[in-house]
Amino acid sequence: MAEDLDKEDEIQLFLEAVKGARPLNVKRVLHKPPAPKPIPKQFIRDERQALADSLSDGYIPAHELESGEELLYLRDGHSPDILSKLRRGHWVVQAAIDLHGLVADEARLYVADFLAECKKRGIRCVRIIHGKGLGSRNREPVLKHKLRNWLMQKDEVIAYAQARQQDGGSGAVIVLLKAS
């Protein structure tokens, strides 16, 4: 009951304090939400094209470590032990892509995007499945040879080797990338 009196006293005090007050004549200002930032579509297209152009089908290196049909490559300045470790499965494959069903231009862009994403995420060892060419004309591995050239052109590629049988054999390649 004492509580009720305290509340009534407070209300009375408040009403006495504001009895001469009058409302302000202020117009309310409503702010529009900020417009979303524009999407730089042309910049994105240019970046994607530059990435695709960074891999050429016509690139032929001065030296290769090819032994028959097996894919092998080691960038200058790196220990030959890297290749033997890569072939034995020393590094854990952290990401993989499959190029089956893609035409060369699609595959080139897919590989470029994949390698760029791996570099961004700090991924060091990847598998790229290119297939054995059984579904292509003349039953020859078209993407296998193109992939070899594309990978040699990428600075982030230290080495690559044909995958072990359980990882895809002659239809896949294991790639070691530089640490970011």
Handout entry: Burial order of peptide ranges 153-165, 74-86, 10-22, 112-124 (average beta-carbon count within 10 Å, highest first)
Key = 153-165, 112-124, 74-86, 10-22
Problem - Members of Lys37/Lys178; Lys85/Lys154; Lys120/Lys154; Lys7/Lys27 lying beyond 24 Å, as alpha-carbon distances in this model show - result: Lys37/Lys178; Lys7/Lys27
Practice task
Report, by chain and number, residues whose modeled amide H sits under 5 Å from the one on Asp98, excluding near sequence neighbours (fewer than 5 apart, same chain).
Solution key: Ile129
Exercise for the section: Would you mind computing, in nm to one decimal, how far apart the modelled labels at Ile44 and Lys120 are, each placed 7 Å from Cα along Cα→Cβ? Expected result: 1.2 nm
Handout entry: Under 30 Å from Lys32, Cα to Cα: lysines that are on another chain or at least 8 residues apart
Key = Lys41
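Could you line up Asp98, Asp6 from fewest to most neighbouring Cβ atoms inside 10 Å?
Values: Asp98 15, Asp6 10.
So the ranking, lowest neighbour count to highest, is Asp6, Asp98.
No lab work stands behind these numbers, since they all come straight from the coordinates. What you see is a predicted model; the values in this text were computed from it and never measured. Note that each Cβ is placed from the backbone with ideal geometry, even for glycine, and that neighbours are counted across all protein chains shown.
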